[in-house]
Amino acid sequence: MSERYQAILLFGAPGAGKGTQGLLLGNVPGFFHMSTGDMFRTLDRHSEIGQVFDSYSSRGELVPDEVTVKMWREYVHAQTILGLYKPHRELLCLDGIPRTIAQTHALKEYIDVCGIIHLVATNPEEMVTRLQKRAIEQKRVDDAKIDVIRNRLEVYERETRPVLDQYDSGLVHEVNAIGTPAEVLGEILRILAPIQATVHTTASST
Ligand code: ADP
């Protein structure tokens, strides 16, 4: 078996619903969800790294690549040590990474991408509304201001969307992000179940 983690990428603009779908998917046997946004938000805001995160996320900017990749590696490793993520039996569902071309290159050494779910929203205004609603519900300072939201969407177009071109187009599956969480999840599972069956034949046994 390869040393690299077998991974699925959840891809899409801020507000497309990656986090919601990641959480749901993480509850399906054989999938382990890992969100870099959540990883950063668990940091102590008074620590040095917590302050670095705050200074970027509050402006809708990305945390520098080197810091992000280093932290991600340590975080995945910690999850395996704790037995929360079982690489030989679970597909790693990455939500929020890679988000730049440099991250894509850096991650190649650690992950083998078996599929990419691209959540596509045809109506950008719907994304803005979703982000504002979430900011209120989750008290997220980064999404509370409209100019920060706009910046996040611009950063996505400039830095993150080009990441998709780095992968074989056969790996990319477009999913309509507009729908109920159950509808979108149904569509994602229709795509991922066969991939899971090929990658991990033991996924159904616990
Ligand atoms: P969303 O899912 O709403 O796009 P996240 O919760 O994934 O946002 O991320 C929140 C913030 O965390 C980002 O705005 C960014 O500052 C930081 N962040 C998350 N993932 C990455 C990454 N891969 N590279 C750099 N910064 C990141």
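The values are calculated or read from the model by the stated rules, or taken from the named source; none is laboratory data. All of these numbers come straight from a predicted model, not from anything done at the bench. Neighbour counts are summed over all protein chains in view; Cβ atoms, including those assigned to glycine, are modelled from backbone coordinates with ideal geometry.
Remark: pairs (first residue in the stretch 137-156, farther than 20 Å from Pro98 by Cβ and at pLDDT 75 or above; second residue outside any loop (DSSP other than H, G, I, E, B) and among the charged types (D, E, K, R); Cβ separation under 9 Å; 6+ apart in sequence or on different chains) = Val148/Asp142; Ile149/Asp142; Ile149/Asp143. Evaluated against (1) out of contact with any helix residue (DSSP H, G or I) (no Cβ under 7 Å at 6 or more places or on another chain); (2) within 16 Å of the ligand (Cβ to nearest atom); (3) of a type in the set (A, V, I, L, M, F, W, C), Ala13 falls short on exactly one condition, (1).
Quick grid of which residues meet (1) closer than 29 Å to Pro124 by Cα; (2) within 15 Å of the chain's Cα centre (by Cα):
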site: Ala7; (1), (2): yes, yes
site: Gly15; (1), (2): yes, yes
site: Asp38; (1), (2): yes, yes
site: His46; (1), (2): no, no
site: Ile49; (1), (2): no, no
site: Gly60; (1), (2): yes, no
site: Ala78; (1), (2): no, no
site: Ile81; (1), (2): no, no
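Of all the residues in the stretch 16-68, those that are more than 11 Å from the ligand (Cβ to nearest atom), touching a Phe, Trp or Tyr at 6+ places or on another chain (Cβ under 6 Å) and of a type in the set (A, V, I, L, M) number 1. Of all residues in the stretch 169-185, those satisfying the criterion of being touching a residue at least 40 places away in the same chain (Cβ under 8 Å) and either within 19 Å of Ile8 (Cα to Cα) or more than 19 Å from the chain's Cα centre (by Cα) (or both) are Leu171, Val172, His173, Glu174, Val175, Asn176, Ala177, Pro181, Val184, Leu185. When Gln51 is tested against (1) within 23 Å of Leu119 (Cβ to Cβ); (2) among the polar types (S, T, N, Q); (3) free of Cβ contacts under 8 Å to residues at least 12 places away in the same chain, exactly one condition is not met: (1).
If only one of Thr122, Thr160 is exposed (fewer than 13 other Cβ atoms within 10 Å of the Cβ), among the polar types (S, T, N, Q) and not in a strand (DSSP E or B), which one is it?
Thr122
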